[in-house]
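One structure is given below, encoded as structure tokens.
The numbers here are math on the coordinates, done by the rules we state, and not lab data. Values in this document were obtained by computation on a predicted structure and should not be read as measured data. FYI the Cβ positions are ideal-geometry reconstructions off the backbone, even for glycines, and counts take in every protein chain you see.
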Amino acid sequence: MKREERALLQERVKTLVLGHALEAVLSQFAKADQAAGRDAEADLSRLETLLLNAAQGLADRATAQKLSVLVAVEDVSATVRAAFDTARQTIDRIRPADEAVETAIAA
């Protein structure tokens with residue numbers, strides 16, 4: 001395996017680990033945000049925008065770099081988007097349950 005291929009593979013493994021860690025953190029963030037009565041989806045959207053803008057900024061600066069840097073940034077961007085999508089799905093699952101409890105209490 002060439003050095004560049006090995007470096008690319010290592011970056012992809014790091015990205016995979018980052019994705020799992022980010023999903024876990026965002027899930028806890030969404031639950032805590034909702035428990036505090038905040039708009040978890042809006043907070044997640046702002047955070048996602050900040051992270052993706054940072055990743056794009058790195059990609060813009062890396063245009064003179066090798067392809068592996070650009071691929072790694074794209075992998076991170078895809079991972080971040082997937083983690084935020086998973087967190088939003090968690091929010092969507094929590095909301096109906098919360099509404100059902102509120103309806104049962106009101107009745």
Completion exercise
Going residue by residue through the stretch 24-41, the Karplus relation 6.51 cos²θ - 1.76 cosθ + 1.60 with θ = phi - 60° gives ³J(HN,Hα) values, rounded to whole Hz and with x marking Gly or Pro, of 5, 5, 5, 4, 5, 4, 4, 5, 5, 5, 5, 5, 7, x, 8, 7, 4, 5
Practice task
Highest first, please rank the peptides 7-15, 23-31 by the mean number of other Cβ atoms sitting within 10 Å of their residues.
Solution key: 23-31, 7-15
Completion exercise
By the Cα gyration tensor axes a ≥ b ≥ c (a/c under 1.5 gives rounded; else a/b larger than b/c gives prolate, otherwise oblate), the shape of the stretch 13-56 is oblate
Exercise for the section: Estimate the FRET efficiency between Arg38 and Val17 by the formula 1/(1 + (r/R0)^6), using the beta-carbon distance for r and 35 Å for R0, to the nearest 0.05. Expected result: 0.80
